[in-house]
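> Dropping a structure here in structure tokens format, bear with me for questions.
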């Protein structure tokens with residue numbers, strides 16, 4: 001006889017058994033199937049104007065007027081089909097016709113003007129400060145005015161996602177941030193914060209259709225767990241892979257792909273507080289004392305490139321003649337002696353700060369650098385700062401004597417990289433010379449490309465002599481790709497992660 | 001009983017109020033949130049404008065009054081970072097947190113008590129030693145380590161066990177095992193020692209002498225009398241489970257309250273931090289209350305008045 005109690009137990013057992021036996025639907029992916037990408041952290045909002053970074057969701061849901069080409073090293077038209085300069089401060093953009101947002105709303109000059117007006121009040125607005133306004137000329141022509149000659153404008157515009165005025169006006173900013181609509185190659189489907197975002201191919205896209213029919217972006221915070229998910233066939237591409245896991249991934253038949261990032265790493269040397277670091281010779285000595293090649297080879301498994309300046313090939317204004325400091329500990333000791341600190345005598349122990357896991361191998365790099373500096377007599381003490389604290393002290397200019405930080409070059413123009421170093425610039429800790437400011441600003445505002453390159457070459461020479469930073473390396477973005485992934489042999493920059501050419505097959 | 005409940009409810013409300021003041025002040029000692037909402041090239045004027053927009057330019061008592069007034073009306077404020085009211089943000093995490101805690105509590109209590117009793121019953125034998133060894137190991141292994149081992153050696157090899165992510169019972173399996181192993185270790189050892197202590201008392205000898213079977217002696221007499229410390233520790237340990245779950249959420253990509261709180265702290269998202277901590281305090285207070293009520297159910301001598 002079944003008492004209610006035993007019946008309940010029985011029911012529980014059946015349910016439990018059902019759970020255990022339920023087999024998952026095995027992902028049947030063919031060309032055009034679902035591409036699953038693992039990354040972390042999640043973005044706090046899907047409003048492209050709420051942050052300055054270009055995320056996976058952003059580059060797929062939205063288009064900008066200008067974009068990066070297929071090899072991510074030159075600017076290319078996107079929603080603007082052409083542009084000309086009417087005068088030094090006015091740019092005229094001809095817009096692509098027949099483009100609609102995912103909800104059917106037409107893309108036109110009004111949408112561009114709305115986007116420019118809106119971004120002024122948003123966190124991303126500081127990137128577009130130089131734009132004084134956008135003026136509608138006709139339905140598909142719009143004029144941008146800047147507060148002075150600004151050759152880097154096109155680069156900046158790669159980060160200005162065009163948003164739909166009608167939709168935002170109708171649903172409001174908050175709803176837009178949770179269910180965005182753009183003109184991009186993928187449409188938004190769903191988002192579970194800190195878990196996953198699902199996108200669907202925009203079948204009415206104005207340009208070449210994306211290869212994958214769906215994209216799922218999964219947030220997996222732990223990097224070992226993310227690679228495990230790849231090995232278990234649960235995800236197709238993993239962002240930011242630890243190079244130490246390479247052999248595990250490769251021996252399972254998958255690939256590790258890397259690509260020079262749009263991000264450079266430096267140690268800033270604070271010359272603004274007096275003391276030994278205020279002497280350019282000491283800062284040069286620090287640059288000579290460090291064996292970058294060895295650190296790149298051992299700590300980064302070779303996945304980094306040496307740099308001599310703030311830019312790299314592909315950036316407008318890059319100086320290909322700039323050469324990095326060589327590793328020369330003898331020269332470093334000589335310079336220290338000249339500056340009055342033979343073998344570091346009379347020098348205090350410098351605080352050397354680094355964030356942890358903000359940049360690949362940041363703490364490990366700081367530790368290696370600290371050893372090299374000790375070799376020539378420069379004593380440092382490593383301090384690891386939580387990122388929030390680091391950022392706050394950095395922006396308030398009360399951070400340590402030496403500190404590790406990255407600078408990214410997404411607009412592919414030298415201006416953003418260099419203008420931070422004018423005397424009252426956010427990244428300046430060494431420059432107190434009005435002539436240097438003049439030079440940097442003249443280069444930023446120079447409209448003649450050859451003259452501009454010359455000016456930036458001069459800036460580089462000053463920079464190297466002043467040695468306001470310890471130039472380190474250009475990082476690589478490292479990815480793992482499942483064997484079934486196609487079109488991902490050349491990787492993408494993590495600061496501009498466009499995957500429209502990637503798909504999975506069985 | 002009613003008086004007891006009223007008194008405890010008032011106590012709970014008071015501790016929530018004290019906690020709200022504490023967390024409100026402490027979160028403001030962690031640093032300036034405004035810098036997280038501007039670009040690194042922002043001017044002082046832009047920074048000030050954001051400060052006003054975030055409501056952080058008002059005096060602290062005004063800000064606290066606004067916060068408390070909101071909470072009393074069920075409004076936990078607005079998160080600028082997430083472009084969303086805090087209520088729905090937390091609402092979405094209550095489910096995953098409750099599921100994980102619930103399944104862990106269920107599994108570890110169901111498994112540890114019989115194991116503990118078994119170890120006590122066969123004290124000094126191989127059974128006892130094996131159980132004790134396993135619990136020491138379970139307690140010694142850090143949660144993230146156990147989790148990663150399970151992912152590497154189980155999830156990548158067994159098709160139907162996912163490596164992580166939100167989902168149904170399959171997704172819950174490894175996180176629950178990981179957290180339960182940690183939780184069970186303590187519970188098994190405690191059950192064993194409590195039962196052993198009771199087994200040495202006179203009434204147990206009497207029960208055996210009058211011819212009761214071992215099972216009945218163990219479960220009806222010994223365990224019942226050993227239950228008070230066990231229930232106390234379960235109640236207290238739920239706090240530990242909450243913090244252990246934060247680590248676990250990261251390893252298994254199970255975004256619950258912990259992930260929300262950690263991200264909010266890292267980005268100085270004050271409204272979310274405040275609300276999360278208040279919810280944690282609330283959970284903890286309720287569990288303490290439930291534990292007290294359990295005492296009366298277990299031990300007829302305890303009557304609340």
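Just so it is clear, none of the values below were taken in a lab; they were calculated from the coordinates. For clarity, every value in this text was computed on a predicted model and none was experimentally measured. Positions of Cβ are generated from backbone atoms using ideal geometry, with glycine treated the same way; all protein chains shown enter the neighbour counts.
> Run the helix sum for chain A: -39,500 (n - 2.57) per DSSP H stretch of 4+ residues, divided by residue count, reported at 222 nm to the nearest 500 deg cm²/dmol.
For chain A, the value works out to -9000 deg cm²/dmol.
> Using the Kirkwood formula over every pair of different C-alpha atoms, what hydrodynamic radius in Å results for the protein assembly as shown?
Kirkwood radius, the protein assembly as shown: 30.1 Å.
> Going by Cα centres, the stretch B:60-96 and the stretch A:340-407 are how many Å apart?
38
> Taking every alpha carbon pair in the stretch A:220-262, what does the distance histogram look like in 5 angstrom bins from 0, in percent?
5, 22, 37, 23, 10, 3, 0
> Looking at chain A only, what percent of DSSP beta bridges run antiparallel? Nearest 5 please.
If we restrict to bridges inside chain A, about 80 percent are antiparallel.
> For the stretch A:336-451, report the convex hull volume of the alpha-carbon atoms normalised per residue, in Å³, without decimals.
Dividing the Cα hull volume of the stretch A:336-451 by its residue count gives 151 Å³.
> Return the inverse of the average 1/r over all pairs of distinct C-alpha atoms in the stretch B:3-160, which is the Kirkwood hydrodynamic radius, in Å to one decimal.
Its Kirkwood hydrodynamic radius stands at 21.4 Å.
> Partner chain Cβ atoms within 10 Å, averaged over the residues of A:215-226 - can you pull that number for me?
Per residue, the number of nearby Cβ atoms from other chains is 5 on average.
> In degrees, nearest 10, range 0 to 90: what is the angle between the Cα axis of helix A:329-338 and the longest Cα principal axis of chain A?
That helix lies at roughly 50 degrees to the long axis.
> Can you give the helix-only mean residue ellipticity at 222 nm for chain B, where every DSSP H stretch with n ≥ 4 adds -39500 (n - 2.57) and the sum goes over all residues, rounded to the nearest 500 deg cm²/dmol?
Helices in chain B give a 222 nm mean residue ellipticity of -24500 deg cm²/dmol.
> Suppose we look only past 16 Å in the calculated P(r) of the stretch A:118-213. What percent of the Cα-Cα pairs does that tail hold?
Cα-Cα pairs in the stretch A:118-213 separated by more than 16 Å: 69 percent.
> Would you mind computing Rg(Cα) / (2.2 N^0.38 Å) for the stretch B:85-218, counting N as its residues?
So the stretch B:85-218 has a normalised radius of gyration of 1.36.
> Further question on the same structure: Cα-based Rg (one decimal) and Dmax (whole number) for chain B, in Å?
Final numbers for Rg and Dmax: 23.9, 86 Å.
> Which values, in whole Å and largest first, are the semi-axes of the equivalent ellipsoid of the stretch A:265-327 obtained as the square root of 5 times each eigenvalue of the Cα gyration tensor?
Output for the stretch A:265-327: semi-axes of 23, 17, 10 Å.
> Going by Cα centres, the stretch B:241-267 and the stretch A:432-448 are how many Å apart?
About 47 Å separates the Cα centre of the stretch B:241-267 from the one of the stretch A:432-448.
> Still on this structure, I have one more. Taking every residue in A:191-198, how many Cβ atoms of other protein chains lie within 10 Å of its Cβ, on average?
Taking all residues of A:191-198 together, the mean is 5.
> To continue, here is another question. Tell me, what are the semi-axes, in whole angstrom and largest first, of the equivalent ellipsoid of the stretch B:111-169 as set by the roots of 5 times the Cα gyration tensor eigenvalues?
They are 30, 13, 10 Å, listed from largest to smallest.
> Here's something else I'd like to know. At what distance in angstrom do the alpha carbon centres of the stretch B:129-149 and the stretch B:161-221 lie from each other?
16
> Also, I was wondering about something else. D for the stretch A:357-405, whole µm²/s, Stokes-Einstein with Kirkwood Rh over alpha-carbon pairs at 25 °C and 0.890 mPa s: what number?
Rounded to a whole number, D works out at 210 µm²/s.
> Could I ask something else about it? What share of Cα pairs, in percent, lie more than 21 angstrom apart in the stretch B:188-305?
Of all Cα-Cα pairs in the stretch B:188-305, 57 percent lie more than 21 Å apart.
> Also: Mind checking the log10 I(q)/I(0) for the stretch B:245-305 at q = 0.18, 0.25 Å⁻¹? Debye, one equal scatterer per Cα, no solvent, two decimals.
Calculated log10 I(q)/I(0) at the listed q: -0.70, -0.98.
> Can I ask one more? How big is the stretch B:79-137 by the Kirkwood estimate over distinct Cα pairs, in Å?
14.5
> Follow-up question, since we're still on this one. For chain B, take the longest principal axis of its alpha carbons; what is the angle in degrees between that and the long axis of helix B:86-121, to the nearest 10 within 0 to 90?
Helix B:86-121 and the main axis of chain B meet at about 20 degrees.
> Could you tell me what % of all Cα pairs in the stretch A:85-152 have separations over 14 Å?
That fraction is 60 percent.
> Taking chain A as the reference, fit the longest principal axis to its C-alpha atoms, fit the long axis of helix A:4-21 to the helix C-alpha atoms, and give the angle between the two in degrees, 0 to 90, nearest 10.
For A:4-21 against chain A, the angle is about 60 degrees.
> Considering every residue in B:80-92, what mean count of other chain Cβ atoms within 10 Å of its Cβ is obtained?
Per-residue shielding by partner chains comes out at 3.
> Another question about this same structure. Taking the convex hull of the Cα atoms, report for the stretch A:218-308 its projected area averaged over all directions, in nm².
For the Cα atoms of the stretch A:218-308, the hull's average projected area reads 8.3 nm².
> Peptides A:291-297, A:107-113: what's the order by average Cβ count within 10 Å, highest mean first?
Result, highest mean first: A:107-113, A:291-297.
> Need one number: convex hull volume per residue for the stretch A:169-328, Cα atoms only, in Å³.
Dividing the Cα hull volume of the stretch A:169-328 by its residues yields 236 Å³.
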